[in-house]
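A.B. asks: Structure incoming, see below.
The values are calculated or read from the model by the stated rules, or taken from the named source; none is laboratory data. Owing to the predicted nature of the structure, the values given are computational and were not obtained by experimental measurement. All Cβ positions, glycine included, derive from the backbone under ideal geometry; neighbour counts span all protein chains shown. Accessible surface areas use protein heavy atoms only, side chains included; no ligands, DNA or RNA. Shrake-Rupley method; radii C 1.70, N 1.55, O 1.52, S 1.80 Å.
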Amino acid sequence: MEKSPNEEEEKLEIFEVPSQSLPEKSNLKGDWLNFFLLILLYTIQGLPLGLAIALPIIFQSKKIVSYKEQAFFSLVAWPYSVKILWAPIVDSLYVQWIGRRKSWLMFVQYLMGVVLLYTAINIDEWLPDSEIPNLKALVSTFCVISFLAATQDIVVDGWALTMLKKNNVGHASTCNGTGVALGVLIGTICPVLLTSEDFCNKYLRITLSTGGIITIKGFLYFWSFIIMLITTFIGIFKREMDNRLEEGHVQINVFKSYKLLWRIFKLPNIRVLAVALLTMKIGFSATDSVSKLKLIDAGVSKDDIMIITISMYIVKFIVPIVVSKYTSGTKPMSAYLNLMPIRLLWSIAYVVLIYYTPILIKNNGVVNVPTYYYLILVFISIIHEILAYTMYLFTLGFFSRISDSRFGGTYMTMLSTIASFGWVVSHTLALRMIDVLTFSKCSNDDENNCSTTDLRNMCKIKGGDCNIIVNGYYIEVALCMAIGFVWYFLYKKTIQNLQTKSLSNWQLNLNRLEREKNEES
């Protein structure tokens, strides 16, 4: 049977590229400064992510925001899931004398500092101490901040492929993992713990005082200026290699970049990988998105949750270093698959803990958390974080190895966007479905199902309590686990085969683009 012209062209695009072997063994000698600079840049990127994690915890501790409203706030993570829409622009438009990546980095980070400054000016009005927060203003502003952070991610991911030596590109995932973890840590610990009067009086002060040792407004002011200062130093002291000297350099305009993106996406291996990336996080979504909020509902204080979260970042600092041998190796996705069943089964540990938490920490309705409960919670959290973060680093290591550095920003962004989109959709749905799957009833009003904040308040006004008949969290975890195991058995061999492909199977031959350009001229 004859092959169609399109099939022949697609085959040419894949296999006319000379076969290339995977990069040699890494050696960071001569690359350490670049390594630490990338960690710093990823730290700046992680700061908005930390704020986006901190605010839902603050909302939940006030007990004036429903899970539906939490799902609305989760929209701030969506720019990371659609950044591929503008990645070709970032790859194609730049000021040559400033640098292909520096042009965008300086513009985006300066603008990020300005928006954080604007947020600092208004944060007390948007997030009052005892009133319902202005969610529309917060979501709008943090969507802009997330958009800027996502754009910075495009820039830094692309720059990492050329800033580091070819044999060290696998360490880009180490820089990403460590830097983002540090940024998220700063963005969560300061707004939640260091602004808490109870936490500061209990752990940080000798004499009792009112308020925390910092305010959210002061925190935002400080980091807005720090980001702009760091950006200034990078602009002055960090030189970027002329991209025209890069191996295989080709100048492509914005229109051609979008065509190029479409052709990359049409590669058979990419399409198979895309489907896997979009669905691989469903199995973990309920545990990852809802468990901490359920612990707060069960009586664990937000301060205690944040202390445990902070301790998890110590794990996150160590994990990238420990697993760098595998993330920079030739088969990072095999290690990912080995951990997946363990992580799915570990969801059961959270389910059991949350079920028994009210019994373990309450005595005659009074919360008194015993030491052994903290030990159990920390142990479960540590194992969960090790599994989750290690698997995340394995995917980043795989992306770094298969991406074409000639248009690395677009390529890396496409892969991370697909993965991020799969996570964000499952995260939002997990939060949204909790209320749908949960069935409650007011103790003194059978007509009131306590499904909204107004109905819950009405039940309290009448002197009743909203009693849960069916807890949607447990149903959701079971459904997600079942989907996760189905995914594992369907995709295991496919993923193993994909990582054995040579680089030529992931790259486009640009001869066809040149022919089209000549034909147009």
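A.B. asks: Roughly how big is the range 104-237's charge dipole about its Cα centre, with Cβ charges of +1 (Lys, Arg) and -1 (Asp, Glu), in debye to the nearest 20?
C.D. replies: 480 debye
A.B. asks: Next question. Tell me the accessible surface of V366 in square angstrom (1.4 angstrom probe, heavy atoms of protein chains only), to the nearest ten.
C.D. replies: The value for V366 is about 90 Å².
A.B. asks: Sticking with this structure for a sec: Could you give the dipole magnitude of the range 65-155 about its Cα centre, charging the beta-carbon of Lys and Arg +1 and that of Asp and Glu -1, in debye to the nearest 20?
C.D. replies: 540 debye
A.B. asks: Tell me, what is the per residue accessible area of the chain in Å², probe radius 1.4 Å?
C.D. replies: 46 Å²
A.B. asks: Now for a different question. Among F36, S440, W86, pick out the residue whose Cα is farthest towards the positive end of the charge dipole of the chain, where Lys and Arg carry +1 and Asp and Glu carry -1 on C-beta, about the Cα centre.
C.D. replies: Towards the positive end, the residue furthest out is F36.
A.B. asks: At R0 = 60 Å, how high is the FRET efficiency between L490 and F225 if r is their beta carbon distance? Nearest 0.05 is fine.
C.D. replies: 0.75
A.B. asks: Quote the FRET efficiency, to the nearest 0.05, computed for E447 versus L75 with a Förster distance R0 of 30 Å and r equal to the Cβ-Cβ distance.
C.D. replies: The pair E447/L75 has a calculated efficiency of 0.40.
A.B. asks: Which angle between 0 and 90 degrees, to the nearest 10, do you get for helix 408-437 versus the longest principal axis of the chain when only C-alpha atoms count?
C.D. replies: 20 degrees
A.B. asks: Pairing the Cα long axis of helix 511-520 with the longest principal axis of the chain, what angle in degrees results, from 0 to 90 and rounded to the nearest 10?
C.D. replies: Taking the Cα atoms of the chain, the angle to 511-520 is about 80 degrees.
A.B. asks: Just to verify a number: what accessible area does V470 come out at with the full protein assembly present, 1.4 Å probe, Å² rounded to tens?
C.D. replies: 50 Å²
A.B. asks: Percent of accessible area on the chain owned by carbon and sulfur, 1.4 Å probe?
C.D. replies: Of the solvent-accessible surface of the chain, carbon and sulfur hold 64 percent.
A.B. asks: For the chain, build the charge dipole from Cβ charges (+1 Lys, Arg; -1 Asp, Glu) around the Cα centre, then report which of L295, S173, T357 sits farthest towards its positive end.
C.D. replies: S173
A.B. asks: Still on this structure, please answer the following. How high is the relative contact order of the range 100-155? Use alpha-carbon pairs under 8 Å, at least six apart in sequence, and give a whole percent.
C.D. replies: Answer for the range 100-155 is 54 percent.
A.B. asks: Heavy atoms only, 1.4 Å probe, whole protein assembly: order R406, R239 by accessible area, highest first.
C.D. replies: R239, R406
A.B. asks: In nm, to one decimal, how far is the modelled label at N338 from the one at C143, with both set 7 Å along Cα→Cβ?
C.D. replies: According to this spin-label approximation, the distance is 4.3 nm.
A.B. asks: Same structure again: Over the chain, what portion of Cα pair distances is larger than 33 Å, expressed as a whole percent?
C.D. replies: Summing the P(r) of the chain above 33 Å gives 43 percent of all pairs.
A.B. asks: What figure, in Å² to the nearest 10, do you get for the accessible area of L185 with a 1.4 Å probe and non-protein molecules left out?
C.D. replies: Approximately 30 Å² of L185 is accessible to the 1.4 Å probe.
A.B. asks: Follow-up question, since we're still on this one. Let's see if you can work this out: charge +1 on each Lys and Arg Cβ, -1 on each Asp and Glu Cβ, no other charges. What is the dipole magnitude of the chain about its Cα centre, in debye to the nearest 20?
C.D. replies: The dipole magnitude comes to about 900 debye.
A.B. asks: Treating the angle as unsigned and between 0 and 90°, give the value, to the nearest 10°, between the Cα long axis of helix 472-498 and the longest Cα principal axis of the chain.
C.D. replies: It works out to around 20 degrees.
A.B. asks: How do K259, K441 stack up against each other in accessible area, from largest to smallest, with a 1.4 angstrom probe?
C.D. replies: Ranked from most to least accessible, the order is K441, K259.
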